[in-house]
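Q: Attaching a single structure in structure tokens format; questions to follow.
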Amino acid sequence: MKYLTQIRVGFLLFLISGAALSQPERCFAGDALWKAGSASVVITPEENLWMAGYGGRKAPADGKIHDLWMKVLVIEARDGHRGVIVSTDTLGIPQSIYNNVCAALKEKFDLDPSQIMLNSSHTHCGPVLRGALHDIYPLTPEHIKNINDYSDKLEQNLVKAVETSIKNLEPATLWSGEGFTSFAVNRRNNVESTVPKLRKIDDLKGPVDHSVPILAVKDKDGKLKTIVFGYACHNTTMGIQKWCGDYAGFAQYDLEAMFPGVTAMFYMGCGADQNPLPRRTQELAESYGSRLAHAVADKVRLPMVELDPELKTELEIIDIKLGDAPTKAELEKLAAGNPSSYRTRWGSRLLKQLNSGKPFITSYPFPVQVWQLGKTQLWITIGGEVVVDYALGMKKEFGASTWIAGYSNDVMAYTPSLRVLEEDIPPRKSSRWGYEGNTSMAVYGLPAHRWSEEIEDKIVESARRQVKKVRNGK
């Protein structure tokens with residue numbers, strides 16, 4: 001009887017031991033964990049600033065649907081190496097803000113730019129920022145002063161939010177997964193008015209990326225703390241004169257309601273040629289946000305892939321040549337056009353610069369970044385408004401689970417693939433072609449009609465170099 005009792009006790013101890021080892025905090029050698037901390041800041045403008053995104057707007061914002069947010073997640077690997085992930089309800093963070101924030105974080109926390117991942121949700125119901133999109137709107141000196149003051153405050157709040165996140169660092173586990181939702185439609189290959197019919201007969205055309213990459217952060221006891229998720233689709237469901245995060249904003253609000261106490265952070269994928277269709281109403285924005293939120297929630301409620309507490313970060317600022325600049329004759333013709341047209345303002349400004357003898361830039365310092373979380377999870381970020389070809393191509397080359405974010409670190413123009421660039425050269429085979437690879441340059445104010453044909457090769461080659469480094473070590 002004593003012998004049987006010993007066997008039962010031993011068996012129970014074995015079960016208890018196995019159960020303890022199966023918990024998240026027991027899965028690493030020496031109980032090593034990540035550390036993670038987050039912070040959220042309301043960035044809704046107090047002034048009714050001009051709104052970024054749509055060239056047809058005639059006046060500044062006149063209210064809000066919900067607050068705009070900036071959210072920060074700081075993660076720290078077992079060796080102390082940190083990564084800063086920032087999501088913002090903005091159209092795009094311009095170069096000046098990115099450079100100033102990187103300099104401040106280097107001075108204050110000794111963070112290298114490779115450790116900073118700054119993303120924009122690309123909502124078209126957010127504010128114009130310093131030095132970006134100024135040709136689109138009839139901005140007065142007072143408007144520009146208010147924009148600059150807001151941008152200064154945005155920088156300060158971002159640095160403070162990183163400081164708060166660092167102070168909030170605590171032991172954590174990180175998990176990766178992927179959901180799915182299908183409201184994104186390739187806008188270059190489908191007429192917007194026909195999309196409902198085409199959906200019914202499953203006849204939508206063109207490349208898309210309907211994946212929903214997810215990074216979940218839990219504390220050492222397994223409680224969900226932060227969710228970072230992405231999607232490749234323009235944030236353009238609404239075009240009203242009120243501040244709003246659009247579908248991505250509603251998705252974050254929904255997730256934080258479903259998981260009280262959790263910080264939900266959205267990042268934009270390679271959705272420059274993707275639209276949420278149909279669109280134009282708040283109800284649709286709320287619906288798409290709900291669909292995206294449930295795609296995330298369904299995944300985080302199920303087992304995900306746990307990431308070892310290892311982090312490698314790389315960044316390259318590559319020089320990419322612009323295409324030909326507009327000629328003086330072209331600029332004179334544009335400058336003589338309709339004064340209310342942004343193309344007239346663009347042409348007038350460039351003509352004035354040309355006549356002053358100041359040369360146009362012929363290339364641009366373009367950010368490409370690669371992180372590896374754990375032993376295998378790649379996260380690649382690309383500057384500008386990135387078309388879906390980059391996500392599909394990089395997943396094919398680097399692995400299907402690779403995350404690719406556009407709109408990161410500097411949004412200076414559209415980032416077309418070679419395919420899109422060539423399709424958009426006149427004469428075009430489709431009336432829907434031309435914007436992403438050609439005419440959009442005027443929207444961002446660059447002194448060219450398009451990028452040079454080296455753009456895709458330069459970006460992909462940079463990603464390859466950095467992936468090799470994070471996978472193999474320096």
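The values are calculated or read from the model by the stated rules, or taken from the named source; none is laboratory data. Keep in mind that this is a model prediction, so the values were computed, not measured. Because the Cβ atoms are built from the backbone with ideal geometry, glycine has one as well, and the counts that use them run over all protein chains shown. Quick note on the areas: whole protein, heavy atoms, side chains included, nothing else; ligands and nucleic acids left out. Shrake-Rupley method; radii C 1.70, N 1.55, O 1.52, S 1.80 Å.
Q: If I filter region 28-47 down to residues being part of a strand (DSSP E or B) and among the aliphatic types (A, V, I, L, M), which single residue comes out as surrounded by the fewest Cβ atoms within 10 Å (Cβ to Cβ)?
A: Here the answer is VAL42.
Q: Looking only at residues that are β-branched (Val, Ile, Thr) and buried (at least 16 other Cβ atoms within 10 Å of the Cβ) in region 165-205, which one is farthest from the chain's Cα centre (by Cα)?
A: VAL195
Q: Would you check which residues across region 422-474 are of a type in the set (Ser, Thr, Tyr) and part of a helix (DSSP H, G or I) and list them?
A: TYR435, THR439, TYR444, SER462
Q: Hey, any hits in region 48-63 for a residue that's modelled with pLDDT under 90, under 30 Å from ASP135 (Cα atoms), open to solvent by 10 Å² or more (accessible area, probe 1.4 Å) and among the aliphatic types (A, V, I, L, M)?
A: yes
Q: Anything in region 386-408 that is open to solvent by less than 10 Å² (accessible area, probe 1.4 Å) and farther than 24 Å from ASN472 by Cβ? List them, or say none.
A: Result: VAL386, VAL387, VAL388, GLY406, TYR407.
Matching residues to (1) on the phi < 0 side of the Ramachandran plot; (2) more than 22 Å from the chain's Cα centre (by Cα):
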| position | (1), (2) |
| --- | --- |
| GLY56 | yes, yes |
| PRO60 | yes, yes |
| GLY63 | no, yes |
| ILE75 | yes, no |
| ASP89 | yes, no |
| ILE97 | yes, no |
| CYS102 | yes, no |
| GLU107 | yes, yes |
| PRO113 | yes, no |
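Q: Out of (1) modelled with pLDDT of 95 or more; (2) buried (at least 21 other Cβ atoms within 10 Å of the Cβ), what's the single condition that is false for ARG345?
A: With (1) modelled with pLDDT of 95 or more; (2) buried (at least 21 other Cβ atoms within 10 Å of the Cβ) applied to ARG345, the lone miss is (1).
Q: Which ones in region 131-162 are among the small types (Gly, Ala, Ser) and in contact (Cβ under 8 Å) with a residue 60 or more places away in the chain?
A: ALA132, ALA161
Q: Hey, can you tell me all the residues within region 212-227 that are in contact with a strand residue (DSSP E or B) (Cβ under 8 Å, 6 or more places away or on another chain) and not aliphatic (A, V, I, L, M)?
A: PRO213, LYS218, ASP219, LYS220, GLY222, LYS225, THR226, listed by residue number.
Q: For region 223-235, which residues satisfy the criterion of being outside any strand (DSSP E or B) and either at pLDDT below 95 or buried (at least 24 other Cβ atoms within 10 Å of the Cβ) (or both)?
A: Passing the criteria: ALA232, CYS233, HIS234.
Q: What helices (runs of 4 or more DSSP H) completely inside region 323-414 contain at least 1 residues that are farther than 21 Å from VAL86 by Cβ and among the acidic types (Asp, Glu)?
A: 328-335, 389-398
Q: Now for a different question. Could you tell me how many of the residues in region 157-203 are of a type in the set (A, V, I, L, M), within 21 Å of THR237 (Cα to Cα) and part of a strand (DSSP E or B)?
A: 2
Q: If you don't mind, there's one more thing I want to ask. Run down SER151, SER114 and say which single residue is over 29 Å from ALA442 (Cβ atoms), of a type in the set (Ser, Thr, Tyr) and open to solvent by less than 50 Å² (accessible area, probe 1.4 Å).
A: Sole residue among the options that is over 29 Å from ALA442 (Cβ atoms), of a type in the set (Ser, Thr, Tyr) and open to solvent by less than 50 Å² (accessible area, probe 1.4 Å): SER114.
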